[in-house]
Amino acid sequence: MKLSYDEVVRMLRDRPEKTRTYEVESGVIERLPTDTPACLRPMNEDEVRELADYLQVSPSALRGPFHVVDHTCSSCARTTTFLDFVKTAVDAQVHGRDTLRSVLTDAEASWVTVRGRDGGRPVMCADCGDVLLGALKCGGGEYSEYSSATYAYA
Ligand SMILES: [Zn+2]
C-alpha cells in the first residue's frame, strides 16, 4: 500500500516507534522539501558519479537531483553525501545493494524513510567508517536529511 502525502505528514507529526521505509504515492517526495529547512545542499557531479560507481550504474540512470545534509566527517573530513547513507544500509544489511540501485533508478515508484522514535539509524562515514555525529539533523520538526527524485529520509 502506498502512503499519501497527508499520511506521511501525519506520521512526521506523530512518529511511529520504529524507523521504517514506506512506498509513497507519486508526487509526495516533490512536496516534502517545502517542509524542509535550507540545510540540504545539492550533490555535485563527482559525488553523484561516486554514488553511481558504488551502485554499479551509470550516473544518468540515477534519478536526481540528489540533496544531502551539509555535513563533514569529524574524523577524516570527508564531505557527507548520499553514498554514506547508502553504504551504511548495505554494510548493516538493512537493504541490499541491488534493492537500493532499484530504488534510486526506478521511474515508477518512490519511497520515504520515516524516522521513528527510536531516533533513526546511525550513519557511518563511507571513507573511515566512523559514526557521523551531530549536525545530521537539520533543526526540529519535519525535515529531510537526504533526498532524490525517488527517495527521501524524513
Ligand atoms: Zn570519515
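The values are calculated or read from the model by the stated rules, or taken from the named source; none is laboratory data. All of these numbers come straight from a predicted model, not from anything done at the bench. Virtual Cβ from ideal backbone geometry, glycine too; neighbours counted across all protein chains shown. Heavy atoms of the whole protein, side chains included, go into the accessibility calculation; ligands, DNA and RNA do not. Shrake-Rupley method; radii C 1.70, N 1.55, O 1.52, S 1.80 Å.
General observations
- Any hit, region 76-91, residues being within 27 Å of ARG31 (Cα to Cα), in contact with a helix residue (DSSP H, G or I) (Cβ under 8 Å, 6 or more places away or on another chain), at pLDDT 90 or above and among the basic types (Lys, Arg): yes
- Any hit, region 63-86, residues being away from the ligand (no atom under 16 Å from the Cβ), in a strand (DSSP E or B) and over 14 Å from the mean Cα position of the chain (by Cα): no
- The set of residues in region 92-138 being within 13 Å of the ligand (Cβ to nearest atom), modelled with pLDDT of 85 or more and open to solvent by 50 Å² or more (accessible area, probe 1.4 Å) consists of MET124, ASP127, CYS128, ASP130, VAL131.
- Listed by first and then second residue, the pairs with beta-carbon distance under 6 Å, at least 6 apart or on different chains, first residue in region 63-92 and under 24 Å from GLU108 (Cβ atoms), second within 12 Å of the ligand (Cβ to nearest atom) and at pLDDT below 90, are PHE85/VAL123.
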